[in-house]
Amino acid sequence: MTVLKLLSRTKLYWGLIAIFLIGVLGSPMSSKGNNIFLSYGNLLDVLRQVSTTGLIATGMTAVIITGGIDLSVGSLMAICSVVCAMLLTVPGVTPGVVLGVPTVALVALCLGFVVTRFIFQNLAKSRAGADLLREIKLDGIRGLVTPAVVGVVLCCLSLWFLLPQIEPKFGVLGVLLVAPCVGLLFGALNGFIIVAGRLQPFIVTLAMMVTALGIARLTAGQNNAVLPVYTGSNATADFEILRSLVFGIIPMPGLFFLGAILIYGAVLRFTPFGRYVYAIGGNEEAARLSGIAAGRVKIATYAVSGLLAGIAAVLYVAQYRQGKPDAGAGLELDAIAAVVIGGTSLMGGRGSLVGTFCGVLIFGLLSNILQLHNINSNLQLVLKGMIIIGTVLVQERNAGDLLAYLRLPGGQSAHKETAAAKRPSQETPSLNLGGNKK
């Protein structure tokens, strides 16, 4: 039984190993007799290709753990790619500047205020020995004046950094600041509407997906379906660094992806914010009654999702040398699929970024294997869809129910085991304050 439990808990890793072995054993050979799948260049290409989807899947993981969904990330990446390409290639005041620079100023003002107030709140709680979930009222200086001053200072510093770049064209650091801030603002707006309007995340993010697509097209202009970016020609040569290999080993997009996984994974695992995310996904009402500011946490998760979509947009522009309004078409579905394959429950309350990392690699390796064997692109979509459905059935433990419904061998016993697992225990009552929904 112990071995079976161990295999069940590590099934995701075994799945990743199985996909990798399939790629190795079934790989075509080069003219020199080398295994193409195992070649260093091919594995680097896999990491480079999955980095954009991986960044978006990283932000999507926390959103889904809270019980939400974000369908707008593809369009947010598109609008950020347009802004990034326009800032790099067109000097002077452009629609990209009009959208991007004020956004950075607003984000800097709000972040300065919120972070400073958060620090004062936690310092007051630690001194008073109060419960971390209980709000403490701050005086006017610490609660309003000082946070406002810090926000204004950050706003002025951001404008001081960005305004001189408008006329000559923006550099690498400029677009790495502006594009993620644009994504963060739209993501935070998603969360605010969901929380304040008490609307379903599916509807709000679907509306934002369409809205952001329209804004991206308006920003690019009617005659600009694609904004080409040529480093050293119409854009700064320094932008090439985002396509380079760090120390000649790992591609820069992969470094961004791994950094996001490690940082956000540590936040979700070791900080109170991470515990709040899981508690809200498990039982939002219980989390509210426990004193958790569920609304603020949900807004933060959508804001981070938008932020990572903005970073992914900059890397997209660097890799494909273009920005366009449909750059992220369908990318939200790939991100959701990777998150689900990684073991995150669509019902919320369960999942991890380690699983998402494995899910992204499984998705990327599978695509690479199919491409090496020249499988028809339409057939690739069919196979990916079947794999996603099968994975969800396994993760949600509903495969036995499906087999029993179809009256296939093994279905009845699996159905009985599933029913027994779902039946509440009559021996020991339990209180579910942060677990999975029943």
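Below, the figures for the structure above:
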{"item": "Heavy atoms of LYS324 accessible to a 1.4 Å probe, total area in Å² rounded to 10", "result": "50 Å²"}
{"item": "Neighbour cut-off at most 15 other Cβ (10 Å), DSSP loop, trypsin sites (Lys or Arg not before Pro), the range 146-225", "result": "ARG198"}
{"item": "Heavy atoms of CYS156 accessible to a 1.4 Å probe, total area in Å² rounded to 10", "result": "80 Å²"}
{"item": "Among ALA287, PHE257, THR271 the positive-end extreme of the charge dipole of the range 215-373 (Cβ point charges)", "result": "ALA287"}
{"item": "Loop-resident sites, the range 202-256, for chymotrypsin sites (Phe, Trp or Tyr not before Pro), counting at most 15 other Cβ within 10 Å (DSSP)", "result": "TYR230, PHE247"}
{"item": "The range 100-184 - percent of accessible surface contributed by carbon and sulfur, probe 1.4 Å", "result": "76 percent"}
{"item": "Cα-projected label distance for PHE192 with LEU379, points at 7 Å along beta-carbon direction, nm", "result": "5.0 nm"}
{"item": "Extension gain from SER39 to ILE263, taking 0.36 nm per residue of separation minus the Cα-Cα distance", "result": "77.7 nm"}
{"item": "Solvent accessible area, Å² - ARG48, 1.4 Å probe, full protein context", "result": "60 Å²"}
{"item": "The range 201-279 - percent of accessible surface contributed by carbon and sulfur, probe 1.4 Å", "result": "69 percent"}
{"item": "Which of LEU157, LEU43 is most accessible, then next, and so on - probe 1.4 Å", "result": "LEU157, LEU43"}
{"item": "Most to least packed among 365-373, 325-333, 220-228, 174-182 [average Cβ atoms within 10 Å]", "result": "174-182, 325-333, 365-373, 220-228"}
{"item": "Given LYS169/LYS384; LYS137/LYS298; LYS324/LYS384; LYS169/LYS298, the pairs whose alpha carbons are separated by over 30 Å", "result": "LYS169/LYS384; LYS169/LYS298"}
{"item": "Extension gain, ARG142 back to LEU123 (0.36 nm per residue minus Cα-Cα distance, nm)", "result": "5.8 nm"}
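The values are calculated or read from the model by the stated rules, or taken from the named source; none is laboratory data. Bear in mind that the values here come from a model prediction, so they are computed numbers and not experimental data. Virtual Cβ from ideal backbone geometry, glycine too; neighbours counted across all protein chains shown. Please note that ligands, DNA and RNA were not included when accessible areas were found on the heavy atoms of the full protein model with its side chains. Shrake-Rupley method; radii C 1.70, N 1.55, O 1.52, S 1.80 Å.
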